[in-house]
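S.K.: Structure in structure tokens, see below.
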Amino acid sequence: MTINEIITEYTREKTIEAEHAKRVKELAKAIMDHAGTADAFSTDDWIVTIQSKPQIRLDTAALYADFPDIKDEYKKVTIAKTIVPARKTSEAVA
């Protein structure tokens, strides 16, 4: 497989992945809308349980506002790499 074929397949799969993620969110919303405030419901074929799980998140804006000195003391810088392929125009390829 050439690098051009790999990049083409990568972009195709990323597009499919994004479309699937969007569709899954839409379907989840439809299920939640049907459930309303219930924690569970059933259909002819399914028993659906809605699980609620608390999430704890650190409010860094409030923390830094109250304790501005700790921002520099505890910050950690990481580098994230992202692949951003862009197809060349047909004139530029030739």
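S.K.: Looking only at the stretch 63-86, which residues are of a type in the set (V, I, T) and within 29 Å of Y10 (Cβ to Cβ)?
M.R.: Step one: of the stretch 63-86, the residues of a type in the set (V, I, T) are 70, 77-79, 82-84.
If the condition is that a residue be of a type in the set (V, I, T) and within 29 Å of Y10 (Cβ to Cβ), then V77, T78, I79, T82, I83, V84 are the ones that fit.
S.K.: Which condition from (1) outside any helix (DSSP H, G or I); (2) within 18 Å of the chain's Cα centre (by Cα); (3) aromatic (F, W, Y) is the one that F41 breaks?
M.R.: Condition (2) is where F41 drops out.
S.K.: Can you list residue pairs whose Cβ atoms sit under 9 Å apart, with the first residue in the stretch 51-73 being assigned to a loop (DSSP other than H, G, I, E, B) and the second being surrounded by 10 or more Cβ atoms within 10 Å (Cβ to Cβ)? Count only pairs 6 or more apart in sequence or on different chains.
M.R.: Q51/D39; S52/D39
S.K.: Same structure, new question: Could you give me the residue pairs with C-beta distances under 8 Å whose first residue belongs to the stretch 30-41 and is under 17 Å from K53 (Cβ atoms), whose second residue is of a type in the set (S, T, Y) and at pLDDT 95 or above wherever it lies, and which are 6+ apart or on separate chains?
M.R.: Within 8 Å, the pairs are D39/T49; A40/T49.
The values are calculated or read from the model by the stated rules, or taken from the named source; none is laboratory data. What you see is a predicted model; the values in this text were computed from it and never measured. All Cβ positions, glycine included, derive from the backbone under ideal geometry; neighbour counts span all protein chains shown.
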